[in-house]
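Working notes for the structure below.
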Amino acid sequence: MDVVIIGGGVAGCITGENIDGEVLIVEEHPAIGVPLQCAGIVSVRGAKEMGYPAGVVNKVRGAYIYSKNYMVKIGDDRIRAYVYERKIMDKSIAKRAAKKCSFLLKSHADVNGKNVVINKMGERIVVKPEAIVLAEGVRGYIGKKLGLIKEREILSSVQFEIVGVDVEEDMVHVFLDKRYSKEFFTWIIPMGKDRVRVGLLDKGNSYKNLIKFINENERAKELLKNGTIIEFSSGALPIGYLKKTVKDNILLVGDCACQVKPLSGGGLYYSSLCGKIAGKVISKYLNGEIDSLDIYDKLWKKEIGDEIRRSLLVRKIFLKLSNETIDNLIYKLSKSDLIDYINKYGDMDKQAGLAIKILKSLDVGLGLKILRDLI
């Protein structure tokens, strides 16, 4: 066995399909794509990076962004993102990976030195691969044990799927209102004509806050009236920047590597991009072109490292803002000529630069010292 990948999600599968060698993917759940732990909205660039998997249920061209008292509309006629049915999407990517990789489902794995110890329904299997990929998700048990996963922030997510609603199919609703989410935001994502995902990320009692949002927010009550909840899901999101994602013959990819956008929480594009990089590095390692995996750290950070670091600094500013300041920001934005600029140059996958421009242009006392450090 050349490579063992621990985790059969998007990050693990895309890494596996890009490795030239014998690959085993070990997944703890009994099926790929469950449980659902994601809003399932992916930029057009992200969908391309994933290889255009099956499962698209909607296309989005913009967003309504709300503060406590104001709203601004962003978007034009261009399609900016796809909404996926994650169960279908994940299985579509896994089917591709299965052409090159073997799978062990409902199996737990750990790393002991250079060995991978697998528990498959009570059967103990020990494998000594040339390389090990940790794609174990936000929990990152093995990565923490190895000392790679250290300083990071963990947010909890909750989400309902609701049917029987009447919303614009191609517009997302984002609520920057700290009455419901102090640490992040709340969303309503259309999945088609009469179906939406409603969720939030935060610290603390996210479920209680989401129920409060649905019952108390006037816009949400209007959009979701007559709706029926048919699915509940929960999960977690890591935010941070790891100094190292390689140790000996082990590398991290995806959520456990904090390859996540700090300003929106999206991880599918970054996981796909970094999975491909990991696959190519491991292939070179296996055929003797390189004698270590260390270059992986440099390569993925060259692609998205600066964006993550800058976004983390912008996030520090956001955490200090009151609802009143956010109100002021959204009001000024709605009256400014920045909307045309955002529609023309806005990028779901490169958010920090635009956020900095908005904060500087709409000077509302938003930590100018920190902004100077960003430049």
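Some values worked out for this structure:
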{"read-out": "Given Lys150/Lys212; Lys193/Lys276; Lys87/Lys280; Lys120/Lys302, the pairs whose alpha carbons are separated by over 31 Å", "value": "Lys150/Lys212; Lys193/Lys276; Lys120/Lys302"}
{"read-out": "Accessible-area composition of the stretch 218-278, carbon plus sulfur, in percent [1.4 Å probe]", "value": "48 percent"}
{"read-out": "Percent antiparallel among DSSP beta bridges (both partners in the chain, rounded to 5)", "value": "75 percent"}
{"read-out": "The stretch 71-215, accessible surface, carbon-and-sulfur percent (1.4 angstrom probe)", "value": "51 percent"}
{"read-out": "Phi-based couplings in Hz for the stretch 313-323 (Karplus 6.51, -1.76, 1.60; Gly and Pro marked x)", "value": "5, 4, 4, 4, 5, 4, 5, 8, 7, 8, 4"}
{"read-out": "Stretch gain in nm, segment Ile79-Lys59, where the contour uses 0.36 nm per residue and the Cα spacing is subtracted", "value": "6.6 nm"}
{"read-out": "Relative contact order of the chain, pairs being alpha-carbon contacts under 8 Å that are 6 or more residues apart, as %", "value": "21 percent"}
{"read-out": "Dipole magnitude of the stretch 114-161 about its Cα centre (Cβ charges: Lys, Arg +1; Asp, Glu -1), debye to nearest 20", "value": "320 debye"}
{"read-out": "Expected 222 nm ellipticity per residue - DSSP helices of 4 or more, -39500 (n - 2.57), all of the chain, to 500", "value": "-11000 deg cm²/dmol"}
{"read-out": "Accessible surface of Lys208 - all protein chains present, 1.4 Å probe, nearest 10 Å²", "value": "140 Å²"}
{"read-out": "Listed residue (Cys274, Ile142, Ile230) projecting farthest to the positive dipole end of the stretch 128-283, Cβ model", "value": "Ile142"}
{"read-out": "Of Lys316/Lys360; Lys91/Lys145; Lys244/Lys316, pairs whose Cα-Cα distance is over 18 Å", "value": "Lys91/Lys145; Lys244/Lys316"}
{"read-out": "Computed Rg/Rh of the stretch 190-306, alpha carbon atoms with Kirkwood Rh", "value": "1.15"}
{"read-out": "Rounded tilt (10° steps) of 86-98 against the dominant C-alpha axis of the chain", "value": "30 degrees"}
{"read-out": "Mean-position separation - Cα centroids, the stretch 100-120 and the stretch 161-225, in angstrom", "value": "38 Å"}
{"read-out": "Surface accessible to a 1.4 Å probe, Leu176 within the full protein complex, Å²", "value": "40 Å²"}
{"read-out": "Lys99 paired with Glu222, simple spin-label distance in nm, labels 7 Å along Cα-to-beta-carbon", "value": "4.9 nm"}
{"read-out": "Full-stretch length increase - Asp337, Arg179 - with 0.36 nm per residue and alpha-carbon distance subtracted", "value": "54.0 nm"}
{"read-out": "Among (i) 60, 56, 36; (ii) 60, 48, 37; (iii) 158, 67, 36, the entry that matches Cα extents along the principal axes in Å as calculated here", "value": "(ii)"}
{"read-out": "Computed over the stretch 237-308, Kirkwood Rh from alpha-carbon pairs, angstrom", "value": "12.3 Å"}
{"read-out": "Stretch gain in nm, segment Arg139-Asn287, where the contour uses 0.36 nm per residue and the Cα spacing is subtracted", "value": "50.1 nm"}
{"read-out": "Phi to ³J(HN,Hα) by Karplus 6.51 cos²θ - 1.76 cosθ + 1.60 over the stretch 178-189, Hz, x for Gly, Pro", "value": "6, 5, 10, 9, 6, 9, 8, 7, 10, 9, 10, 10"}
{"read-out": "Gap separating the Cα centres of the stretch 68-86 and the stretch 7-61, nearest whole Å", "value": "22 Å"}
{"read-out": "Backbone HN-Hα couplings from phi across the stretch 50-57 [Karplus 6.51/-1.76/1.60, Hz, Gly and Pro as x]", "value": "6, x, 6, x, 5, x, 5, 10"}
{"read-out": "The stretch 133-155 and the stretch 283-304: distance between their alpha carbon centers, rounded to Å", "value": "20 Å"}
{"read-out": "The chain, accessible area per residue, ligands and nucleic acids excluded (1.4 Å, Å²)", "value": "45 Å²"}
{"read-out": "Cα long-axis angle, helix 206-216 against the chain (0 to 90 degrees, to the nearest 10)", "value": "30 degrees"}
{"read-out": "Glu130 paired with Leu319, simple spin-label distance in nm, labels 7 Å along Cα-to-beta-carbon", "value": "4.2 nm"}
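The values are calculated or read from the model by the stated rules, or taken from the named source; none is laboratory data. Model, not experiment: these values are computed from the prediction. Using ideal geometry, Cβ is built from the backbone for each residue, glycine included, and neighbour counts are taken over all protein chains shown. Only protein heavy atoms, including side chains, enter the accessible area calculation; ligands, DNA and RNA are left aside. Shrake-Rupley method; radii C 1.70, N 1.55, O 1.52, S 1.80 Å.
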